[in-house]
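Nothing in this text is a laboratory measurement; each read-out follows from the coordinates by a stated rule. This is a predicted model, so every value here is computed, not measured. Glycine gets a Cβ as well: all are built from the backbone with ideal geometry, and neighbour counts include every protein chain shown.
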Amino acid sequence: MSPFKTQHSAKLEQLKHGTEKIAMLTCYDATFAKLSERAGVDVLLVGDSLGMVLHGSENTLNVLMTDMIYHTRSVAAGAPNTYIIADMPYSSYESGAEIAHENAQMLLDAGAHMVKLEGGGNMVNIVRHLVEKGIPVCAHLGFTPQSIQKLGGYRIQGKTEESAKSIMQDALSMSEVGVSFILLEMVPASLARNITESIDTPTIGIGAGVDCSGQVLVLQDLLGIYTGQAHKHPNEFKSPRFVRNFLKDSGSIQAAVEAYVKAVKNKSFPTAEHSY
Ligand code: KIV
């Protein structure tokens, strides 16, 4: 194993078994990657949210593997010492385990150390295959943006007893097949707490209350500079409840990212006001 691979495997073990909250942040380019590494961010997520944030698309469905490879390379160049997760874009994994493996490997070759994919029970066989091939996987549950059309928009998931049970079951299944992290987006805080207490796999929350093992935010949300879909007027945009603008009270972007890391670690972010 290369020294870099060993270093990042050790970092993952430390994050998984440590007592500190994990501070994760999205990142799409080398300059912000370098700044985030200096600020002490534990994990950089090359999220397919770049479809909206960088490309101005309405959702994440148009993001391609070539986009993810390009941005993963850029982030890896800027933050060589930080653990990097890359999103598997829509249509790059759902159709079968072999294609998922090929595409996941391309993201690792571009500099990622783990891939993230969306979905629960229906993805278990694909995830098992990736894990068996030695590819670390983060499962994204709750609100899954690649299913926005099926979910009927940005809606909190797991509000009914039945849907909460189904997300819990997905988390148990994903944990059982050996994912390294479970990301929970826009679910009730009580459900995220139950999941976190029921599995050994660390949970990363975004709009998932205060009890997850770690937190993630979109960098442009943290800086208060994302004002919605490119074609819409900024006045039409209301920041989601789980977002906090860290730049407002900081003197610089560097200080804002440092404040985010500190707030996650000392548990002053998120609070109940950022939760559902
Ligand atoms: O793509 C992304 O940025 C994400 C975060 C919202 C968690 O998946």
For segment 56-73, Karplus-derived ³J(HN,Hα) couplings (6.51, -1.76, 1.60; θ = phi - 60°; whole Hz; x for glycine and proline) come out as x, 6, 6, 8, 8, 6, 8, 6, 10, 4, 4, 5, 5, 5, 4, 6, 5, 4
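Averaging sequence separations of C-alpha pairs under 8 Å and six or more residues apart, then dividing by the length of the chain, give the relative contact order as a whole percent.
Details: 551 pairs, mean separation 49.2, N = 276.
Relative contact order for the chain comes out at 18 percent.
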With P89 itself left out, Lys, Arg at +1 and Asp, Glu at -1 over residues whose Cβ is under 11 Å from its Cβ give -4
Whole-Å distance linking the alpha carbon centroid of segment 229-276 with that of segment 1-40 is 21
log10 I(q)/I(0) for the chain, Debye formula on C-alpha points only (no solvent), q = 0.07 Å⁻¹, two decimals, reads -0.21
For K5, counting only lysines whose alpha-carbon sits under 24 Å away and dropping same-chain residues fewer than eight positions off, the answer is K16, K21, K34, K116, K133
Once phi for every residue in segment 21-34 is put through the Karplus expression 6.51 cos²θ - 1.76 cosθ + 1.60 (θ = phi - 60°), the whole-Hz ³J(HN,Hα) values, with Gly and Pro written as x, are 5, 8, 9, 10, 9, 6, 7, 10, 9, 6, 5, 5, 5, 5
For segment 160-239, listing trypsin sites (Lys or Arg not before Pro) in a DSSP loop whose Cβ sees at most 10 other Cβ atoms within 10 Å gives K238
What the 10 Å binned alpha carbon P(r) of segment 47-111 shows, as percent of pairs per bin from 0, is 23, 51, 25, 1
Most packed first (mean Cβ within 10 Å per residue), the peptides 116-123, 221-228 order as 116-123, 221-228
Whole-Hz Karplus couplings 3J(HN,Hα) for segment 36-46, θ = phi - 60° and coefficients 6.51, -1.76, 1.60, Gly and Pro as x, run 5, 4, 5, 7, x, 4, 6, 9, 9, 10, 7
